[in-house]
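Visitor: The structure that follows is given in the form of structure tokens.
The values are calculated or read from the model by the stated rules, or taken from the named source; none is laboratory data. Here the structure is a predicted model, which means the values were calculated and not measured. Positions of Cβ are generated from backbone atoms using ideal geometry, with glycine treated the same way; all protein chains shown enter the neighbour counts.
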């Protein structure tokens, strides 16, 4: 049996045009592990519904736990959080635990349609430009990060709070 290849280091997050649904899921896992190792202060995760993100996996939650802490901020942006609630109970529980660093907005109307499917951080971005065919662009380029951040924030401003940590009832 061949030994497994070493885990990528933070500097090995890819750049350029990439393709594939499995590749996307792997990059989500890799990016969140990198966020924990490099202690990224701010993350934005955005997708119409997060239905094909591996956010309910034990390893992803471990990465989020390692990342979360004082001075961290996570923004979640989606059109709808229904599938996320159904498919990712671990993430739902994590969101309750870390509610003080997590904000979530539902963005139903934008000039460009749906919220982008993307990960944004101060150092690296990943954006799926064709969800159906799994085409994405990863970049450390500051101009691309700034442009994606502007689009995400425009959608955020048009949104409304959603995916609460707790549901109050009478």
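Visitor: Is it the case that some residue within the range 41-50 is without any contact (Cβ under 8 Å) to a residue 60 or more places away in the chain and either touching a helix residue (DSSP H, G or I) at 6+ places or on another chain (Cβ under 9 Å) or surrounded by 15 or more Cβ atoms within 10 Å (Cβ to Cβ) (or both)?
Guide: Yes, the range 41-50 contains a residue that is without any contact (Cβ under 8 Å) to a residue 60 or more places away in the chain and either touching a helix residue (DSSP H, G or I) at 6+ places or on another chain (Cβ under 9 Å) or surrounded by 15 or more Cβ atoms within 10 Å (Cβ to Cβ) (or both).
Visitor: Any chance the range 20-29 includes a residue that's assigned to a loop (DSSP other than H, G, I, E, B), modelled with pLDDT under 95 and closer than 15 Å to residue 138 by Cβ? Explain how you work it out, then say what you get.
Guide: As a first pass, look at the range 20-29 and keep what is assigned to a loop (DSSP other than H, G, I, E, B): 20.
If we keep only those that are modelled with pLDDT under 95 as well, we get none.
Checked against the condition, which is being assigned to a loop (DSSP other than H, G, I, E, B), modelled with pLDDT under 95 and closer than 15 Å to residue 138 by Cβ, the range 20-29 yields no hits at all.
Visitor: Let me ask something else about it. Only strands (runs of 3 or more DSSP E) wholly contained in the range 115-170 count here; list those with 2 or more residues that are farther than 18 Å from residue 18 by Cβ and in contact (Cβ under 8 Å) with a residue 24 or more places away in the chain.
Guide: Output list is empty.
Visitor: Could you check residue 122 against (1) closer than 27 Å to residue 39 by Cβ; (2) in contact with a helix residue (DSSP H, G or I) (Cβ under 6 Å, 6 or more places away or on another chain) and say which number it fails?
Guide: Going through the list (1) closer than 27 Å to residue 39 by Cβ; (2) in contact with a helix residue (DSSP H, G or I) (Cβ under 6 Å, 6 or more places away or on another chain), residue 122 breaks only (2).
Visitor: If residue 78 satisfies all but one of (1) within 27 Å of residue 144 (Cα to Cα); (2) free of Cβ contacts under 8 Å to residues at least 12 places away in the same chain, what's the number of the condition it fails?
Guide: (2)
Visitor: Condition (residue is in contact with a helix residue (DSSP H, G or I) (Cβ under 6 Å, 6 or more places away or on another chain) and surrounded by fewer than 18 Cβ atoms within 10 Å (Cβ to Cβ)) applied to the range 125-135: is it met by at least one residue?
Guide: Yes; the residues of the range 125-135 include at least one that is in contact with a helix residue (DSSP H, G or I) (Cβ under 6 Å, 6 or more places away or on another chain) and surrounded by fewer than 18 Cβ atoms within 10 Å (Cβ to Cβ).
Visitor: Also, I was wondering about something else. From (1) within 13 Å of residue 95 (Cα to Cα); (2) in contact with a strand residue (DSSP E or B) (Cβ under 6 Å, 6 or more places away or on another chain), pick out the condition that doesn't hold for residue 68.
Guide: (2)
Visitor: Please count how many residues of the range 104-114 are on the phi > 0 side of the Ramachandran plot and in contact (Cβ under 8 Å) with a residue 60 or more places away in the chain. Walk me through how you get there before you give the answer.
Guide: From the range 104-114, those on the phi > 0 side of the Ramachandran plot are 113; that's our starting set.
Filter once more, keeping what is in contact (Cβ under 8 Å) with a residue 60 or more places away in the chain: none.
The total comes to 0.
Visitor: Please specify each residue of the range 55-67 satisfying the condition of being outside any helix (DSSP H, G or I) and surrounded by 19 or more Cβ atoms within 10 Å (Cβ to Cβ).
Guide: 55
Visitor: Among the residues of the range 83-103, count how many are in contact with a helix residue (DSSP H, G or I) (Cβ under 8 Å, 6 or more places away or on another chain), touching a residue at least 24 places away in the same chain (Cβ under 8 Å) and closer than 20 Å to residue 73 by Cβ.
Guide: 5
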